[in-house]
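For reference, the structure discussed in these notes is given below.
Here, each number is a calculation from the coordinates, and none is a lab measurement. The shown structure was predicted, so the numbers you read here are calculated from the model rather than taken from an experiment. All Cβ positions, even for glycine, are placed from backbone atoms using ideal geometry, and neighbour counts span all protein chains on display.
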Amino acid sequence: MKRIVFALFMMVCCLGASAQQFDDYFDGRSLRLDYIFAGDSANQYIFFEQAFVSPEWAGRRSRLSEKFLNGNGQITVRDHASGDVIYVSTFSTLFQEWQTQEEATKVHKAFETSYQVPFPKHDIDVTVTLTDVHNRVTSELTHTVSPQDILIRPIGENGLRSKYVLKSGDVTSCVDIAILSEGYTEADEEKFYGDCARAVDALFSHEPFISLKNRFNVVGVFAPSQDGGPSIPREGAWKRTSTNAHYDTFYSDRYLMTSDIHRVYDLLSCVPFEHVIVLVNSSTYGGGGIYNQITLSTSDHATFKQVLVHEFGHSYAGLGDEYYYDDQYSTFYPSDTEPWEPNLTTLVDFESKWADMLPKGTKIPTPPAKIPDFRKAKTAKELKQINAATQKVGVFEGGGYQSKGVYRPAQECRMKINEVEDFCPVCARAIRRITEFYTAK
């Protein structure tokens, strides 16, 4: 019954979206909205800061009023006159992740964030909603934006150099990824573009990205830093860099992130973009990925390709981490709530996840099979066989940082360990579906 109701709901959404024409409401430019999210472990507050207009909208032009994934927040645009929903996007934030840390019980903090929506022809009402781990609304802000507002600042060409590393089509038909330099000095420009090419090679060496390559554009934006490499607070090494990225985010050595999101969007104003990768000039392991916000990865570590693909899985497709260790401060996935990430389940609503992909007779939970050690593979063929053996679809307990109560679709996957080259079938389907959503005609 749930599947029938869901199918009917999606049919209604699709009919409404197909009837809504992009040109009826939007003029082809981008409206950038800057916000501050603030609070502590128990409270969330949303503050609107400012708005910008840039020359070109790079996002989707159909299915505008549909929500593909829940995320941990949502931005909804309504036509002010009619109240009709004319655009929806979802996201997660560094702020909400910080709220799960012990520090958030002791201090209030504020975090920047920016979102782009199509620039409206008429007045719009914008609602930003934040939700908790139970998918309950915890904070909401609605404000009206008029396209005639004289305080909407034009932003565009900023003097930074850029180069397309992959160009498959125009911005109206492709997913547009911008790669931004961090910790590359003026003398490192050619290295940066070379690293961008390596990043593209990494992303499109894996299915389903290989088959979807013609739906993507990737542009490198070179923003020179005064100092080389990112900041490493635990070593007292603070650098003057383009995005102010640093290791030790939330006091975790390998968590490499920037909280200067407004700055990132300023630097990317010279190109049309939908998704952001910050490429960090470093040989030290580290990175991070936040759904519909940002990906960071270091350029020169031995696992660069694996880490980049993993973190992009987070930021692009909303995939959750499938590893677990049970030493986090708080629970990310309570037992009474189905996770919104497509590759995790608490079995509260497993039918909405990968139940249709389970081989007949699969036990839930699925007992793990004995598989050879990846490190003992002597040939590429042997490694491939081990990879295939680990990616049979099941319901394996352990995921989302919890060994109990959260389940993942494969024993091993690109979203669990670096040794696995490929995404499991469930993660691959999620990537394929969201790409089709972004590029639907």
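Cα-based values for segment 350-418, radius of gyration first and Dmax second, are 13.0, 40 Å. Think of it as helices only: each DSSP H run of n ≥ 4 in the chain is worth -39500 (n - 2.57), and spread over all residues that comes to -6500 deg cm²/dmol at 222 nm. For segment 285-356, the alpha-carbon radius of gyration amounts to 1.26 times the rule-of-thumb value 2.2 N^0.38 Å expected for a compact globular protein. If you look at the Cα atoms of segment 2-154, you get an Rg and a Dmax of 16.6, 49 Å. For segment 159-253, a Kirkwood radius taken over Cα pairs fed into Stokes-Einstein (10 °C, viscosity 1.306 mPa s) yields D = 108 µm²/s. Comparing Cα centroids, segment 411-441 and segment 170-215 end up 18 angstrom apart. With neighbour counts taken as other beta-carbon atoms within 10 Å, the residues E382, E112, E189, E322 rank, fewest first, as E382, E189, E112, E322. In terms of distances greater than 19 angstrom between alpha carbons, the cross-link table entries K384/K416; K167/K416; K360/K404; K191/K305 yield K167/K416; K360/K404. Go through Q306, L267, Y251 and say which Cα lies farthest out towards the positive end of the charge dipole of segment 161-317; charges sit on Cβ, +1 for Lys and Arg, -1 for Asp and Glu. So the residue furthest toward the plus end is Q306. Within the same chain, aspartates and glutamates fewer than 8 places from K353 are excluded, and of the rest, those with a Cα less than 14 Å from its Cα are E338, E341. Which label marks the calculated value of semi-axes √(5λ) of the Cα gyration tensor in Å, given the options [x] 32, 28, 22; [y] 38, 32, 19; [z] 36, 28, 23? Computed from these coordinates, semi-axes √(5λ) of the Cα gyration tensor in Å corresponds to label [x].
How big is the gap, in Å, between the Cα center of segment 60-116 and the Cα center of segment 269-292? Value for the Cα centre distance between the two parts: 19 Å.
Computed from the alpha carbon positions, the gyration tensor of segment 212-325 leads to an equivalent ellipsoid with semi-axes of 21, 19, 13 Å, biggest first.
Overall, the chain carries a charge dipole of about 1540 debye about its Cα centre when +1 sits on the Cβ of Lys and Arg and -1 on the Cβ of Asp and Glu, all other atoms neutral. Working from Cα pairs under 8 Å separated by at least six residues, relative contact order for segment 2-154 is 29 percent. Sequence neighbours fewer than 8 away in the same chain don't count; with that in mind, list the lysines whose C-alpha is under 21 Å from K106. Qualifying lysines at Cα under 21 Å: none. Take every pair of alpha-carbon atoms less than 8 Å apart whose residues are at least six positions apart; their mean separation over the length of the chain yields a relative contact order of 14 percent. Projected over every direction and averaged, the convex hull enclosing the alpha-carbon atoms of segment 92-184 yields 10.4 nm². Counted over segment 161-317, the DSSP beta bridges are approximately 40% antiparallel. With both residues required to sit in the chain, DSSP beta bridges show an antiparallel share near 75%.
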